[in-house]
Amino acid sequence: MIDQLEFLIRNIPNLLFGFPGYRPGGLSLSLLLTLLAIGAGFPIAIIVSQGLDSQRLLFRRLARLYVWVLRGIPLILLLLLVHQMTGGLRIFGLDRRPIFSAVIALTLYCSAYQASILLAGMRAIPKRLVESARLMGTKSGVSSRAVKLRYALHVMLPAFVGQSISMFKDTSVVIVLGVAELMTVARIILGSDASNAANWVSLYLFVGAFYFAVAFTFSRFAAKLERRQRNQDLIYSLSNY
Amino acid sequence: MSEELDLLLIGLGVTASLTVVTTLLALVAGVAIGGFKISGTKTLARIANLYIDLFRNIPALVLIIFIAFGLPNILPPDVRKTIFFDNQLVNILQKITGLSLPYYMLAAVTGLTLNTSAYLAELFRAGVGTISRSTLEAARTLGAGPKVTFFQILLPQGLAASFPAISTRLIHNMKNTSLASFVAIPDLFHASQAVISRTFRATEYLLLATVLYLLLAFVFSGILDRVGRQLSPSR
């Protein structure tokens, strides 16, 4: 019991920041991967959501295909596929380091989900808002899209936070590429030493607790956001009535 | 060539059956936990909340690996062997599935079910929330007990209201079955890896696996659409 605790305490820094002397890893890398995927995925999601909402059949079809394919295959498969493609084709002379493939795959995956959230938000826009925007003189497609996008973002904020949490949990899957995030670090710590068997339970409990702590904090935050949003919307609709 | 195809087809079958089993189990467990949450009993609601918070916030992969590799290690080796890897039930499972270590299959199913059912419980509860008060009051006026109310009103209407969200989650669950390959379940992903290590044709077989997964998602979402249409009373 005591040596298990000692084992855990000894490994906390590794789990949080990766092994000393190597590239950063562990929980901080999980968070970094999440942030990169969300940040890089968002511009793509905006473009794709415009495609989904487009009047042109071709754009709509293409955007739908993009979302359907990326939402239809498991993330592990996408990770391997991207790793294989970027390694095999060497587009843009990309470095073949697994972490790049991981970021690209996570970004693509994230953008498909974000695009469908954005579309749902734009579908939820009250007609009155679009009409009043038109009355105020926003004639060009660009500005009316900007009005729509702003509203969609505002309404869908809780959904975005939820999706980001889901993304954070999904980063555990990059273990297939051997990117040293939390799950992989745990796997490396345990190694293939059979005498380590007793530590399997406690270490994976510990890893689970790490994931839980981060995801739970953010989901509470999302719930709070949603409540505040509802109040705000109520005030908005009352003051505009 | 045909041997590789056989492997992939077996993998497809394993993934499909894993999907069906976990979908059914998660639906039952999700509705039950969601029912606990709205039961009005404080302890039950608290248990349901704990369940939902716990299993929604831990990645499915961590759950599966913990159950498969962590849990047996709590017990001393000889006890572990008789409980998890070598007894009547396990031997029967072994004969049916043809797997050398059926406990890992059990672990994968459990992990996926826990994860998905926690999501479904919350969605089901939200669906029940959309049922109008007057419906419930009408039921009470007509003398329906809590059991009748749950099975005649809350269950069908709550499921119908939340079904679009539930089917999205179930398709996600279908994709998550690929995580079972981490605990040596020969599913489609695992099979594609095996074939690649035999033929060294990574790109081709990864693309083939992608197409097969998309096909599976297409069929599965078609089935779910059908079920959803059956459920909703308006159509």
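Per-residue answers, yes or no, for (1) farther than 27 Å from A:Gly18 by Cβ; (2) more than 14 Å from every other protein chain (Cβ to nearest Cβ):
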{"position": "A:Thr34", "(1), (2)": "no, no"}
{"position": "A:Gly41", "(1), (2)": "no, yes"}
{"position": "A:Gln55", "(1), (2)": "yes, yes"}
{"position": "A:Ile76", "(1), (2)": "no, no"}
Of the conditions (1) out of contact with any Phe, Trp or Tyr (no Cβ under 8 Å at 6 or more places or on another chain); (2) touching a residue at least 12 places away in the same chain (Cβ under 8 Å), A:Glu6 clears all except one; give me its number.
(2)
Among the numbered conditions (1) within 9 Å of another protein chain (Cβ to nearest Cβ); (2) small (Gly, Ala, Ser); (3) under 30 Å from B:Arg133 (Cβ atoms), tell me where B:Ser181 comes up short.
(3)
Only unsatisfied item for B:Ala26, checking (1) farther than 18 Å from B:Met105 by Cβ; (2) more than 10 Å from chain A (Cβ to nearest Cβ), is (1)
When every residue in segment B:52-61 that is within 15 Å of the chain's Cα centre (by Cα) and either of a type in the set (Gly, Ala, Ser) or part of a helix (DSSP H, G or I) (or both) is compared, the one farthest from A:Leu203 (Cα to Cα) is B:Ile52
Only one of these conditions is not met by B:Ala48: (1) free of Cβ contacts under 8 Å to residues at least 60 places away in the same chain; (2) buried (at least 19 other Cβ atoms within 10 Å of the Cβ); (3) touching a Phe, Trp or Tyr at 6+ places or on another chain (Cβ under 7 Å); (4) away from every other protein chain (no Cβ under 13 Å). Which number is it?
(1)
Name the one entry in B:Leu61, B:Leu12, B:Leu54 that is more than 24 Å from A:Lys169 (Cβ to Cβ) and within 14 Å of chain A (Cβ to nearest Cβ).
B:Leu12
Residue satisfying condition, being crowded, with 17+ Cβ neighbours inside 10 Å and modelled with pLDDT of 75 or more, within set A:Leu157, A:Leu135, A:Leu153
A:Leu157
Of a type in the set (A, V, I, L, M) and at pLDDT below 85, is that true of B:Leu120?
no
How many residues does segment B:191-204 contain that are facing chain A (nearest Cβ under 10 Å) and in contact (Cβ under 8 Å) with a residue 60 or more places away in the chain?
1
Looking only at segment A:57-74, which residues are away from every other protein chain (no Cβ under 11 Å) and either at pLDDT below 90 or more than 22 Å from A:Ser166 (Cβ to Cβ) (or both)?
A:Leu57, A:Leu58, A:Phe59, A:Arg60, A:Arg61, A:Leu62
Determine whether segment B:85-93 contains at least one residue that is β-branched (Val, Ile, Thr) and touching a residue at least 12 places away in the same chain (Cβ under 8 Å).
yes
Residue check, B:Leu112 modelled with pLDDT of 85 or more and under 18 Å from the mean Cα position of the chain (by Cα):
yes
Out of curiosity, is B:Leu61 surrounded by fewer than 16 Cβ atoms within 10 Å (Cβ to Cβ), in contact (Cβ under 8 Å) with a residue 60 or more places away in the chain and closer than 30 Å to A:Val176 by Cβ?
no
Restricting attention to segment A:168-180, report how many residues are under 25 Å from A:Phe42 (Cβ atoms) and away from chain B (no Cβ under 11 Å).
2
Limited to segment B:121-171, what total is found for residues that are free of Cβ contacts under 8 Å to residues at least 40 places away in the same chain and within 14 Å of chain A (Cβ to nearest Cβ)?
3
Please enumerate the residues belonging to segment B:181-235 that are small (Gly, Ala, Ser) and closer than 26 Å to B:Phe163 by Cα.
B:Ala217, B:Ser221, B:Gly222, B:Gly228, B:Ser232, B:Ser234
So is B:Leu207 at the interface with chain A (Cβ under 9 Å from one of its Cβ atoms), more than 30 Å from B:Ala160 (Cα to Cα) and surrounded by fewer than 19 Cβ atoms within 10 Å (Cβ to Cβ) or not?
yes
Could you tell me whether segment B:225-233 includes any residue that is closer than 18 Å to A:Trp68 by Cβ, exposed (fewer than 14 other Cβ atoms within 10 Å of the Cβ) and either more than 10 Å from chain A (Cβ to nearest Cβ) or not charged (D, E, K, R) (or both)?
yes
Subset of segment A:1-47 (residues that are at positive phi and buried (at least 16 other Cβ atoms within 10 Å of the Cβ)):
A:Gly18, A:Gly26
Residues of segment B:158-206 satisfying the condition of being of a type outside the set (Val, Ile, Thr) and outside any helix (DSSP H, G or I)
B:Ala184, B:Pro186, B:Asp187, B:Phe200, B:Arg201
What number of residues within segment A:17-32 satisfy the criterion of being assigned to a helix (DSSP H, G or I) and free of Cβ contacts under 8 Å to residues at least 60 places away in the same chain?
3
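The values are calculated or read from the model by the stated rules, or taken from the named source; none is laboratory data. All values derive from a computational prediction rather than experimental measurement. When we count neighbours, we look across all protein chains shown, and the Cβ atoms used for this are built from the backbone with ideal geometry, even at glycine.
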